[in-house]
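Heads up, the thing below is written out as structure tokens.
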Amino acid sequence: MHPLPKPVKGVFARWGRRGGQTRARRLSPLRRSTIAAQAARARWRGTEAEHSLPSVRLVAANWEDPVYLEEVLAEGLLADWRTLYQRIADYPFGATAEALARVLVAQAIYGATPLWKGILRHLQEGGR
């Protein structure tokens, strides 16, 4: 296959930009934000930040601290949510579950509060 001449490459580049701009206009702001977040995660994949939530307000992670759990629900990564789920699944009435229950009553975190209320209720009723 022969390399393309520069004028042809330029035409294709302009078409690509135009197509990307058209697609961006058609997407909702939420979808554009989601795509940007996925791209950022892909760029930073494999770094230390992906494995644990760096606490903004606390020196160290403490799964029994409602402040930390609030951060996990609002800003945490999927890995943080998995860890939280596993801790509650292992001890549905333990200190982590009690702290989570307090956070869920006190805070309304969009999307996370109803989800985690259902998960906590399910696990405490004996489900897994």
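Summary of computed values
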read-out	value
Of residues in the stretch 106-128 being among the aliphatic types (A, V, I, L, M) and more than 16 Å from E64 (Cβ to Cβ), the one farthest from the chain's Cα centre (by Cα)	L123
The listed residue being under 30 Å from H122 (Cα atoms), hydroxyl-bearing (S, T, Y), at pLDDT 90 or above and within 17 Å of the chain's Cα centre (by Cα), out of T83, T96	T83
Matching option when the condition is of a type in the set (K, R), more than 27 Å from R41 (Cα to Cα), modelled with pLDDT of 90 or more and out of contact with any helix residue (DSSP H, G or I) (no Cβ under 7 Å at 6 or more places or on another chain), among R121, R102	R121
Residue check for Y91: more than 28 Å from A37 (Cβ to Cβ) and of a type in the set (F, W, Y)	yes
Test: T47 is at pLDDT below 85, surrounded by 12 or more Cβ atoms within 10 Å (Cβ to Cβ) and of a type in the set (V, I, T)	no
Among residues of the stretch 13-34, those that are under 29 Å from the mean Cα position of the chain (by Cα), surrounded by 10 or more Cβ atoms within 10 Å (Cβ to Cβ) and of a type in the set (A, V, I, L, M, F, W, C), counted	2
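The values are calculated or read from the model by the stated rules, or taken from the named source; none is laboratory data. Everything numeric here is computed off the predicted structure, so don't read it as measured data. Backbone-built Cβ (ideal geometry, glycine too); neighbour counts: all protein chains shown.
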